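A short worksheet on the structure shown next.
The values are calculated or read from the model by the stated rules, or taken from the named source; none is laboratory data. None of these values were measured; they are calculated from a predicted model. Glycine gets a Cβ as well: all are built from the backbone with ideal geometry, and neighbour counts include every protein chain shown.
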Amino acid sequence: MESIQKKSNGKPREECGIVAIISKNPSTHVAQAIFQGLMAVQHRGQEAAGISVFDANKSINTIREHGLLFEALPLEKLSKLWGNVGIGHVRYGTAGGKDINNAQPFPFETPQTPPFAIAFNGNITNYHLLKEQLKSKGIIFLTNGDTEVIANLIAANTLVTKDWVENLEFTSKLLDGAFSLVLLTNEGDVYAYRSGNKPLCYGTANILNTECYIIASESCAIISLGGKLIGDIQAGEILHVHQDHFFHREKLLPAEKNHCVFEYVYFSRGDSIIDGKSVHKTRERLGRNLAKADEEFLNSREDIIVVPVPDSGRSSALGYAAESGIRYEEGLMKNRYVFRSFIAPSQAERMNLVRMKLNPVESIVKGKEIVLIDDSIVRGTTMGRIVKLLRQAGALKIHVRSSCPPVRSPCFYGVDFPSREELIYCRKELTAKNHEEACIQIANEIGADSVKYLSIEGLIDAVELQKKDLCLACYNGKYWFKSDRTKEFLTNGRI
Ligand code: SF4
């Protein structure tokens, strides 16, 4: 048996969201504001949540627990977490599994090192190798996750330098992979570092009548606090904010951006601005580019409607409709109250769950030819169930469109994709003569009349960032490991 949450919509899962708040008023308690910011990024992780705060006694206090935010951090616990500087985290974990010790923020203290806490989003691809080295030096690990490895490296570097910026520079040089992190010290400082791939931005807000700095995975967290986005932390850059509002930015390392293009396709919230681009507008452009590629197909159609898979296909479907002039209809309704704790032991119950989550609107879809738009087709199982529901409601023809290219490779940068064997396009690619034939086979498997994907060129065009600045590895298999040793390790072990 497995948790439905993990596979409920067949989508890849992001592995975490971060929020940090620094108030210069020592009597402000930021824990509840961090909770509010974390609510805005709950979509990035639902397995566990936590908050660490720095208090007037120069202590760092942490609470972390399994579950959604309201389960993990109930008000009676939050209200006892006093302090004007803090960091928070929501987790969806792969490295390290579900042990509560892998929940974050990760507090760290030894007799030799000052206390600190870190919250981290991403994946360290060489963490097994680093862990082996640390173990050979006598370090004992309490968890099997990558965050403890990072914390130990930071701790080891505190013996070499008292300067946290220098410490993070030393530490980040050792880390291969993709990550954004925030570090809270027992002096009331927050340091934020972005390697490039994962988003991390900052802004300000007036919280409890005090001007505060906010650092967050997505700008929607800042806006949800009534704040103002200032900008993104750049690849290889560190941002340091002290509780007296000393503010400092510094480029630590030359770093490649490798922005995760899936943030625009699916992960990020539509109202976020990531690296200067509106996520919603980008998704609209993805839909427009899909429609452009469908021009010939649409010319020969009459009485056809565009229907999104809610919510993930909505912005792209709007773009598709605007570009093609075809009527947009909400032909599927989503039930927002189907919670994550459902267990689905059988295929029949999984079908039932899709039915509980999505209902076709018969008055819209009956007797219609439909262009059905979603952000991606990963395993194909959920899409197959949706197609079946639409057919049962009387849809005549269903043309499935994915607003991103076929997903053909796993992600090693902190996103939980299924294995190649589970990815529907990879399975079909093995036997199909070409892309067109693979699409026909996929349409047959999911019961659709046709299937098309946006091209990689169409994706890059819509994102409006340079190709060299994007990670496209899950589409084209071009990984960008910093060290050959990591590449070799993963190639032999996992790819
Ligand atoms: S492989 Fe795909 S999901 Fe992973 S970081 Fe790159 S673009 Fe994002």
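Among strands (runs of 3 or more DSSP E) entirely within region 61-145, having at least 2 residues that are out of contact with any helix residue (DSSP H, G or I) (no Cβ under 9 Å at 6 or more places or on another chain) singles out no element at all.
State yes or no: is GLU284 away from the ligand (no atom under 16 Å from the Cβ), in the same structural domain as THR28 (by TED's automatic domain parsing) and either touching a residue at least 40 places away in the same chain (Cβ under 8 Å) or in contact with a Gly (Cβ under 8 Å, 6 or more places away or on another chain) (or both)? Answer is no for this residue. All of (1) modelled with pLDDT of 95 or more; (2) more than 15 Å from the ligand (Cβ to nearest atom) hold for PHE247 with one exception: (1).
Within region 103-132, residues that are touching a residue at least 12 places away in the same chain (Cβ under 8 Å) reach partners that are among the small types (Gly, Ala, Ser) and surrounded by fewer than 17 Cβ atoms within 10 Å (Cβ to Cβ) with beta carbons closer than 7 Å, at six or more positions or on different chains, in the pairs ASN126/SER483.
Residue count for region 159-176 satisfying the condition of being surrounded by 13 or more Cβ atoms within 10 Å (Cβ to Cβ) and within 21 Å of GLU132 (Cβ to Cβ): 6.
Which residue, of LEU159, LEU142, LEU134, LEU175, is within 16 Å of the ligand (Cβ to nearest atom), of a type outside the set (Lys, Arg) and assigned by TED's automatic domain parsing to the domain that holds THR28? From the options LEU159, LEU142, LEU134, LEU175, the qualifying one is LEU175. Considering ARG269, ARG301, ARG327, the condition of being within 27 Å of GLY37 (Cα to Cα) and either more than 16 Å from the chain's Cα centre (by Cα) or in contact (Cβ under 8 Å) with a residue 60 or more places away in the chain (or both) is satisfied by ARG269 alone. Looking across region 398-432 at every residue that is closer than 30 Å to ASP303 by Cβ and of a type in the set (Val, Ile, Thr), the one that is farthest from the ligand (Cβ to nearest atom) is identified as ILE398. Here is a check on your reading of the model: is GLU436 modelled with pLDDT under 90 and away from the ligand (no atom under 16 Å from the Cβ)? Criteria not met by GLU436. Within region 436-460, the set of residues being surrounded by fewer than 16 Cβ atoms within 10 Å (Cβ to Cβ) and within 28 Å of the chain's Cα centre (by Cα) comprises just one member, GLU457. The sole residue among ARG249, ARG288 that is touching a Leu at 6+ places or on another chain (Cβ under 6 Å) and not aliphatic (A, V, I, L, M) is ARG249. Note on region 195-212: among residues that are part of a strand (DSSP E or B) and closer than 21 Å to ASP271 by Cβ, the one that is farthest from the ligand (Cβ to nearest atom) is ASN206. For the residues PHE262, PHE267, the requirement of being over 30 Å from THR28 (Cβ atoms), within 16 Å of the ligand (Cβ to nearest atom), surrounded by 19 or more Cβ atoms within 10 Å (Cβ to Cβ) and modelled with pLDDT under 95 singles out PHE267.
Of the residues making up region 146-190, those that are part of a loop (DSSP other than H, G, I, E, B) and within 30 Å of PRO26 (Cα to Cα) number 7.
Listed here are the residues, each with its yes/no results for (1) hydroxyl-bearing (Ser, Thr, Tyr); (2) closer than 28 Å to TRP480 by Cβ; (3) out of contact with any Lys or Arg (no Cβ under 8 Å at 6 or more places or on another chain).
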residue: THR161; (1), (2), (3): yes, no, yes
residue: SER180; (1), (2), (3): yes, yes, no
residue: GLU187; (1), (2), (3): no, no, no
residue: LYS198; (1), (2), (3): no, yes, yes
residue: THR210; (1), (2), (3): yes, no, no
residue: SER219; (1), (2), (3): yes, yes, yes
residue: LYS228; (1), (2), (3): no, no, yes
residue: HIS248; (1), (2), (3): no, no, yes
